[in-house]
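Peer 1: Can you keep this structure in mind? I'll have questions shortly.
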Amino acid sequence: MDARAAIVTGASSGIGLAVARMLGEQGYAVTLAGRRPDKLDAAYEQLRGDGLDVQPIVADVGDEDDVVRCVAAHREAYGRLDVLVNNAGVGIGESIGELRTKALDIQLATNLRSIMLFYRESLAMLTAAAAEHRNALVVNTASIAGKQGQAWLSVYSATKSGVVGFTQAMNRELGGLGIKSTALCPGFVDTPMTDFVKERVPPEAMIQTSDVVASVRMLLALTPGCVIGEIIFERPAGDGSLG
Ligand SMILES: NC(=O)c1ccc[n+]([C@@H]2O[C@H](COP(=O)([O-])OP(=O)(O)OC[C@H]3O[C@@H](n4cnc5c(N)ncnc54)[C@H](OP(=O)(O)O)[C@@H]3O)[C@@H](O)[C@H]2O)c1
């Protein structure tokens with residue numbers, strides 16, 4: 001493969017770390033974006049120690065300046081962008097009557113607004129890559145909660161539903177350029193995000209990060225004439241709910 005490059009947000013943990021590793025192993029140079037420096041550094045050391053070409057960029061994706069800086073740092077280091085994985089996200093459970101405006105704003109900014117900003121900032125590089133191979137890929141980590149709103153996770157559900165809608169719009173707006181977008185919609189995945197529920201739902205009964213990695217690997221293998229706009233991952237009990 002010719003040199004290719006990717007950005008993965010929320011790359012310091014869980015799904016993002018697993019996808020970043022897979023991309024690195026497939027020969028992509030990968031910018032790892034994450035919020036907490038120590039955690040990001042640990043992920044970076046792990047991947048670099050395994051011989052992968054990665055760079056860590058500490059960035060709060062909810063902050064516009066950080067998004068701009070992150071994409072600029074990627075451009076500076078690698079000069080191209082073939083795959084963008086908008087994966088950073090946060091879920092804050094609370095009832096609508098108790099809704100804290102700060103929690104609302106954090107989820108909107110981290111889960112939804114950031115994705116729009118990353119597209120805007122990355123568009124020139126994605127367009128250039130797509131002109132080369134018509135297979136630029138943007139993967140947006142939504143959630144099954146974006147397909148079926150969840151009680152006490154209403155704001156989270158709304159942001160993820162927004163991610164699904166925005167992904168559809170991007171396919172209509174950018175598909176002709178050769179830039180494909182996919183929304184991933186998993187139920188419970190065994191990552192630190194689901195630690196709160198592991199007494200009730202054992203980790204081994206959850207979707208694994210390897211399942212999500214397998215889906216992204218499949219997306220990378222598609223020919224230019226095929227786009228998969230959305231992938232829903234359910235647990236076999238299968239009523240579509242998170243639990
Ligand atoms: N696990 C599930 O069951 C599940 C199901 C459906 C969808 N998802 C989605 O999958 C994505 C990844 O979650 P995960 O399960 O892998 O959880 P995770 O292990 O907690 O990872 C979340 C990642 O996002 C980063 N992050 C959070 N806020 C950020 C911000 N403002 N700026 C930059 N990075 C930020 C975290 O870094 P810091 O720790 O430093 O903040 C971490 O690297 C999220 O979008 C989540 O909503 C998860």
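The values are calculated or read from the model by the stated rules, or taken from the named source; none is laboratory data. Keep in mind the model is a prediction, meaning the values are calculated, not measured. Neighbour counts are summed over all protein chains in view; Cβ atoms, including those assigned to glycine, are modelled from backbone coordinates with ideal geometry.
Peer 1: Please pick out the residue among Val30, Val67, Val90 that is hydrophobic (A, V, I, L, M, F, W, C), at pLDDT 95 or above and touching a strand residue (DSSP E or B) at 6+ places or on another chain (Cβ under 7 Å). Write out each step before concluding.
Peer 2: Values: Val67 fails: touching a strand residue (DSSP E or B) at 6+ places or on another chain (Cβ under 7 Å); Val90 fails: touching a strand residue (DSSP E or B) at 6+ places or on another chain (Cβ under 7 Å).
Going through Val30, Val67, Val90 in turn, just one is hydrophobic (A, V, I, L, M, F, W, C), at pLDDT 95 or above and touching a strand residue (DSSP E or B) at 6+ places or on another chain (Cβ under 7 Å): Val30.
Peer 1: Can I ask one more? Looking at this structure, is Leu219 out of contact with any helix residue (DSSP H, G or I) (no Cβ under 8 Å at 6 or more places or on another chain), under 18 Å from Val8 (Cα atoms) and either touching a residue at least 40 places away in the same chain (Cβ under 8 Å) or buried (at least 17 other Cβ atoms within 10 Å of the Cβ) (or both)?
Peer 2: The answer is yes for Leu219.
Peer 1: Being surrounded by fewer than 18 Cβ atoms within 10 Å (Cβ to Cβ), under 22 Å from Thr9 (Cα atoms) and hydroxyl-bearing (Ser, Thr, Tyr): is that true of Ser210 here? It would help to see each step written out before you state the result.
Peer 2: Numbers: surrounded by fewer than 18 Cβ atoms within 10 Å (Cβ to Cβ): yes; under 22 Å from Thr9 (Cα atoms): yes; hydroxyl-bearing (Ser, Thr, Tyr): yes.
So Ser210 fits the description; yes.
Peer 1: So if I check each of Val155, Val163, Val216, which one is out of contact with any strand residue (DSSP E or B) (no Cβ under 7 Å at 6 or more places or on another chain), within 14 Å of the ligand (Cβ to nearest atom) and outside any strand (DSSP E or B)? First the steps, then the outcome.
Peer 2: On the way: Val163 fails: out of contact with any strand residue (DSSP E or B) (no Cβ under 7 Å at 6 or more places or on another chain); Val216 fails: out of contact with any strand residue (DSSP E or B) (no Cβ under 7 Å at 6 or more places or on another chain).
That would be Val155, the only listed residue that is out of contact with any strand residue (DSSP E or B) (no Cβ under 7 Å at 6 or more places or on another chain), within 14 Å of the ligand (Cβ to nearest atom) and outside any strand (DSSP E or B).
Peer 1: Every residue in the range 120-148 that is part of a helix (DSSP H, G or I) and more than 16 Å from the ligand (Cβ to nearest atom), please.
Peer 2: Step one: list which residues in the range 120-148 are part of a helix (DSSP H, G or I), which gives 120-133, 144-146.
Those that are part of a helix (DSSP H, G or I) and more than 16 Å from the ligand (Cβ to nearest atom): Arg120, Leu123, Ala124, Met125, Leu126, Thr127, Ala128, Ala129, Ala130, Ala131, Glu132, His133.
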